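Here the structure is laid out as structure tokens; the discussion comes afterwards.
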Amino acid sequence: MPLVKIEIIKGKSLEYKKTVLDAVHVALENAIQIENWDRFQRLYEIEDDLFERSESKTDKFTMIEITMFPGRTKEQKSKLYKEIVKELNERLGIEPTDIFIVINEPANENWGLAGIQREG
């Protein structure tokens, strides 16, 4: 059950935004074998003048935060990074240097699903 937060610079078309969401989901399916239905994603648009980044980044700069259960291997995470970059580059022409990804893995005790704390 990965929770995905994507931030982009405001002004992209609905088609562009849907493609970003689809690309990230396909990468999650390919890299860590999540189910197709397991889709919990949010896309936020930030005004260009409020999205601080280095001068080398373009208007396609994309930040992705993935929060998921702990336990994936270093290799699986590496594959996920590569899959996300590949999908976004192939589908939207976003350069790898314009993609920033971070994975958060809160301990199981920090997850509450349907009001029930997840165990070990």
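Across the cross-link table entries K17/K79; K57/K79; K12/K57; K18/K86; K17/K77; K17/K82, which are compared at the Cα atoms, the separations over 18 Å belong to K17/K79; K57/K79; K17/K77; K17/K82. When the Cα atoms of segment 1-115 are aligned to their principal axes, the ranges along those axes come out at 39, 28, 26 Å in descending order. Note on E47 and N30: the extension gain reaches 2.9 nm, defined as 0.36 nm multiplied by sequence separation minus the Cα-Cα distance. Seen against the Cα atoms of the chain and their longest principal axis, helix 14-32 is set at about 40 degrees. Taking only the alpha carbons of segment 50-120, we obtain Rg and Dmax values of 15.6, 45 Å in that order. Among residues other than M68 with Cβ under 11 Å from its Cβ, the summed charge is -1 (Lys and Arg +1, Asp and Glu -1). Entry comment: accessible area of segment 1-80 is 58 Å² per residue, from protein heavy atoms only and a probe of 1.4 Å. Per-residue extension of 0.36 nm, minus the Cα-Cα distance of S78 and E95, leaves a gain of 4.4 nm for this segment. Here the label points at E119 and V102, each 7 Å from Cα along the C-beta direction, are separated by 3.3 nm in the simple model. With a cut-off of 15 Å between beta carbons, the residues surrounding D59 carry a summed charge of -3, where Lys and Arg count +1 and Asp and Glu -1. In the chain, the longest principal axis of the Cα atoms and the axis of helix 74-92 are about 30 degrees apart.
The values are calculated or read from the model by the stated rules, or taken from the named source; none is laboratory data. Since the model is a prediction, treat every value here as computed from it, not as a measurement. Ideal geometry is used to build each Cβ from the backbone, glycine not excepted, and the neighbour counts take in all protein chains shown. The accessibility values were calculated without ligands, DNA or RNA, using every heavy atom of the protein model including side chains. Shrake-Rupley method; radii C 1.70, N 1.55, O 1.52, S 1.80 Å.
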